[in-house]
Every structure is written in C-alpha cells, then in structure tokens.
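**Student:** My questions all concern the structure below.
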Amino acid sequence: TKEPQTYALHTYCPDEGLPEFREALKEKIAQQNGLTNHDVMVTAGANQAYTNCVLTLLSQGDKCVVFKPYYFNHVMAIQMTQGNDAVVVGSCDDHGIPDLDWLESALQNDQSIRVVTLTNPGNPTGVSLKRAVLQQAVDLCAKYGVWLVLDTTYEHFDHINANSVPGVPFAGFPDEHVIHIFSFSKGYALAGFRCGYVVLSKEGKLGTEAYKQMLKVQDTIPICPPRISQVAAMGALSAGRDWVHNKVNTLDTGRAAIFEALSPLAPIMGGTGAMYVMAKLPDGMDDQEVARQLVEDFGVALIPGSFCGFPGWIRVCYSNLPPKECQIAANRLAEGIRKICNEL
C-alpha cells in the first residue's frame, strides 16, 4: 500500500477519500469483515456516514426504522432531514434484542418504510447481537425490498465474539441491500479526528447506484474528508486488530465494577458489546432527575434512558476512565444508587 502524501495535507482530496487509504480499508474489510467487492467512502466520522445514508436513501415521505433504546444521533439525523414523521420506532426487549416480529408486521403494513437501522454492538444497549438475529433482519429487509443500515462503530467491542466466523473476526453481510458503517473513533480512540467510512456492495446496480448518489451528498456536506485525519487513521490501521483488542481487554475491570455498582437495580442490559451497561430504575423514578442527582451530589455522570427513547433506565459508560479511576466512579455510582433508591 502506498504511503499517503503528507506534504499536501492542506489541500482537498477526492470526495470519497484518499485512494491509498480507501485501498487499505478495502483490504481491511475483506480480511476482518468478510466483505469483498465492496466500495468505501471515507466520512467525517460515523455520524456523517449515517447522515449520508439518510440523505441518499430517503425521499420525501419515506420512513426509517430505529429500535429503542436507540442511538439518539440516528434519530436526530432522520428528524432534521425528513421530519418527525419519518422516524418509526420499534422496541428491544430487556436483553437488548430488537423485536423482529414487530419489524415484519411494520414492513408488511407500511410501504413507506425504506430503511431499517441496527447498531451492533449496541449503543446504548451494550449488547452484541448474535449473528442469527442479524441474519433474520437481513432476510426480512431483503424480503420487503428495503435497505438495512448496520452501524458497526463498535466492531472491536464484541466481547462475546457473537459476530465472528472462522477466519473473520467480525463478519459483515455481503448482501447488496446492506450498508455497513465503521469508525476509527472507538477502537483506535481517534474520536477527535472524525474519521469513519461507509461500505456499499458493488455486486449489483443497487449498491453501485446508491454509492453514486451518495457522492453528491458527500460533495455537498464536507466536500471531502480531512486529509490529516485519514493519514492518522491509516497509521492507526497499520497497528492491527490485535493492538486494539489488547486495549479493549483493559475494560474488564471497569465493566465488572459498574455491574457491581448497578446490582441493586434490575433488569440490567448490556456488557456483551460496546462499552455500555443499562439498568432499569425502580418504578416511578425520573431517569433525568436521577442523572442530575448523581452528577450534583455524587460526582458521577451518566445518560438518562429517556434520551434514547427508554425512560426509566440509565446508561453507564465504563470506557472513559483508566481502571483505577473507573473503580472510584463505580463506588460513587453505587453510593448514589443506594441512597437515591432508599429515598423511595
């Protein structure tokens, strides 16, 4: 693979990204995700990749499915570009598994649904969906002729290897109606560089035409992804997946501490994927008020579930601090949960 030209960092690059970086990404997705004969478009993070998908795939009056608890930026991307009526919200059970029976009924009864979104491993659920669940979603979308957008930002955080197949550490789906989103923000900790990429099949006209139209979106929003971010990401990519896994393994201590802190609550969701755990508060508790109290009175921050369409729950991240400091935060969280719950 050619080295990127660092002397031209101040200049535009092709809309779809640096050619040498895209070639490196194609090699990566073939080896690590089992996706061959696919095209790659580099974006300013996974959020822009998803917005590209929304703007490319949805026309006026079309709708997109998300499952609650959802990643709020997905919902906002749909709302800002298509309006509130374009968001169709399904549910997950208390284990973070999307209700695919509901999805089939929705696809049968609403022909305006053109896109289904799944995040795996999940934010905010912290759940790695098993491949059989994903395959069912892939098959349903094929059956009803709709797109499936798989946001796999947390591909390196599949703690139970739910998505690995022999020879492929995190397997995607080669079907031409499936679009994959990847990111350098999490596994390589390059969040501030804003570097993601979207992957579309070249097997048939469906993906090829979508890529062609998406280039128009790309040229309108960022024009092109920043060169310096791509150079940094290409260097990170050369470190290899094992380097990332060694870093991911350091999360075990914090995850265990957070589970212990949340143990008075039930049910608890997550821990199998990404870097999150969700827990249900006792009935009648306002999750936003609990979040405020935990910040002001106990010095620990989390996200209310209502921000993710899941009121009465809280989402805790265990990756933002080194293990020792995460233990301190977990102790604060445990104290806060005990005192707040005892006030009921």
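**Student:** Collect the residues in segment 120-154 that are within 23 Å of Gln31 (Cβ to Cβ), surrounded by 24 or more Cβ atoms within 10 Å (Cβ to Cβ) and within 10 Å of the chain's Cα centre (by Cα), keeping them in residue-number order.
**Tutor:** If the condition is that a residue be within 23 Å of Gln31 (Cβ to Cβ), surrounded by 24 or more Cβ atoms within 10 Å (Cβ to Cβ) and within 10 Å of the chain's Cα centre (by Cα), then Asn120, Pro121, Asp151, Thr153, Tyr154 are the ones that fit.
**Student:** Could you please find all residues in segment 304-321 being open to solvent by less than 70 Å² (accessible area, probe 1.4 Å) and assigned to a loop (DSSP other than H, G, I, E, B)?
**Tutor:** Once the filter is applied, which keeps residues that are open to solvent by less than 70 Å² (accessible area, probe 1.4 Å) and assigned to a loop (DSSP other than H, G, I, E, B), segment 304-321 yields Gly309, Phe310, Gly312, Tyr318, Ser319.
**Student:** Looking at (1) open to solvent by less than 20 Å² (accessible area, probe 1.4 Å); (2) of a type in the set (A, V, I, L, M); (3) assigned to a helix (DSSP H, G or I); (4) under 26 Å from Cys195 (Cα atoms), can you tell me which one Val40 breaks?
**Tutor:** (3)
**Student:** When you scan segment 280-302, do you find a residue that is free of Cβ contacts under 8 Å to residues at least 60 places away in the same chain and under 19 Å from Ser128 (Cβ atoms), even just one?
**Tutor:** no
**Student:** Pick out the one residue from Ser112, Ser183 that is under 16 Å from the mean Cα position of the chain (by Cα) and among the polar types (S, T, N, Q).
**Tutor:** Ser183
**Student:** Oh, and also: Find all pairs meeting these conditions: Cβ atoms under 9 angstrom apart; at least six residues apart or on different chains; first residue within segment 173-185 and more than 16 Å from Gln31 (Cβ to Cβ) and in contact (Cβ under 8 Å) with a residue 40 or more places away in the chain; second residue aromatic (Phe, Trp, Tyr) and outside any strand (DSSP E or B).
**Tutor:** Here the result reads Ile181/Tyr50; Ser183/Tyr154; Phe184/Phe193; Ser185/Phe193, each pair linking segment 173-185 to a residue that is aromatic (Phe, Trp, Tyr) and outside any strand (DSSP E or B).
**Student:** Quick one: which of Val199, Val231 is assigned to a helix (DSSP H, G or I), in contact (Cβ under 8 Å) with a residue 60 or more places away in the chain and surrounded by 18 or more Cβ atoms within 10 Å (Cβ to Cβ)?
**Tutor:** Val231
**Student:** Checking Gly204 against (1) modelled with pLDDT of 95 or more; (2) surrounded by fewer than 19 Cβ atoms within 10 Å (Cβ to Cβ); (3) over 30 Å from Cys317 (Cβ atoms); (4) not polar (S, T, N, Q), which single condition isn't satisfied?
**Tutor:** (1)
**Student:** Looking at Val89, Val133 in this structure, which one is outside any loop (DSSP other than H, G, I, E, B) and touching a Lys or Arg at 6+ places or on another chain (Cβ under 7 Å)?
**Tutor:** The unique qualifying residue is Val89.
**Student:** While we're here: State all residues of segment 74-87 that are within 19 Å of the chain's Cα centre (by Cα) and open to solvent by less than 40 Å² (accessible area, probe 1.4 Å); if no residue qualifies, say none.
**Tutor:** Within segment 74-87, His74, Val75, Ala77, Ile78, Val87 meet the criteria.
**Student:** Still on this structure, I have one more. Name the pairs whose Cβ atoms lie under 7 Å apart, with the first residue in segment 308-326 and in contact (Cβ under 8 Å) with a residue 60 or more places away in the chain and closer than 16 Å to Met278 by Cβ, the second among the aromatic types (Phe, Trp, Tyr) and in a loop (DSSP other than H, G, I, E, B), and 6 or more positions between them or separate chains?
**Tutor:** Cys308/Tyr70; Gly309/Tyr70
**Student:** Return yes when Asn331 is in a loop (DSSP other than H, G, I, E, B) and either open to solvent by 20 Å² or more (accessible area, probe 1.4 Å) or in contact (Cβ under 8 Å) with a residue 60 or more places away in the chain (or both) and no when it is not.
**Tutor:** Against the criterion (in a loop (DSSP other than H, G, I, E, B) and either open to solvent by 20 Å² or more (accessible area, probe 1.4 Å) or in contact (Cβ under 8 Å) with a residue 60 or more places away in the chain (or both)), Asn331 does not qualify.
**Student:** Go through segment 293-303 and give me each residue that's within 30 Å of Pro98 (Cβ to Cβ) and either open to solvent by 10 Å² or more (accessible area, probe 1.4 Å) or at pLDDT below 95 (or both).
**Tutor:** Val300, Ala301, Leu302, Ile303
**Student:** Just checking, does segment 69-76 include any residue being under 25 Å from Ser128 (Cβ atoms), in a helix (DSSP H, G or I) and in contact with a Cys (Cβ under 7 Å, 6 or more places away or on another chain)?
**Tutor:** Looking for residues that are under 25 Å from Ser128 (Cβ atoms), in a helix (DSSP H, G or I) and in contact with a Cys (Cβ under 7 Å, 6 or more places away or on another chain), one finds at least one in segment 69-76, hence yes.
**Student:** Can you go through Glu104, Glu27 and tell me which one is farther than 30 Å from Lys280 by Cβ, charged (D, E, K, R), outside any loop (DSSP other than H, G, I, E, B) and touching a residue at least 24 places away in the same chain (Cβ under 8 Å)?
**Tutor:** Among Glu104, Glu27, only Glu27 is farther than 30 Å from Lys280 by Cβ, charged (D, E, K, R), outside any loop (DSSP other than H, G, I, E, B) and touching a residue at least 24 places away in the same chain (Cβ under 8 Å).
**Student:** A follow-up question, please. Within the set of pairs 6 or more residues apart or between chains, which connect a residue that is farther than 19 Å from Gln213 by Cα inside segment 9-21 to a residue that is loosely packed, with under 14 Cβ neighbours inside 10 Å and β-branched (Val, Ile, Thr) with Cβ atoms less than 7 Å apart?
**Tutor:** Final answer for the pair search is Tyr12/Ile223; Glu20/Thr1.
**Student:** How many residues are basic (Lys, Arg) and either open to solvent by 30 Å² or more (accessible area, probe 1.4 Å) or in contact with a strand residue (DSSP E or B) (Cβ under 7 Å, 6 or more places away or on another chain) (or both) if we restrict to segment 234-247?
**Tutor:** Looking only at that region, the number is 1.
The values are calculated or read from the model by the stated rules, or taken from the named source; none is laboratory data. Predicted model only: the values in this text are computed from it and were never measured. Reconstructed Cβ throughout: ideal geometry from the backbone, glycine too, with neighbour counts over all protein chains shown. These accessible areas exclude ligands, DNA and RNA; they are computed on the full protein's heavy atoms, side chains included. Shrake-Rupley method; radii C 1.70, N 1.55, O 1.52, S 1.80 Å.
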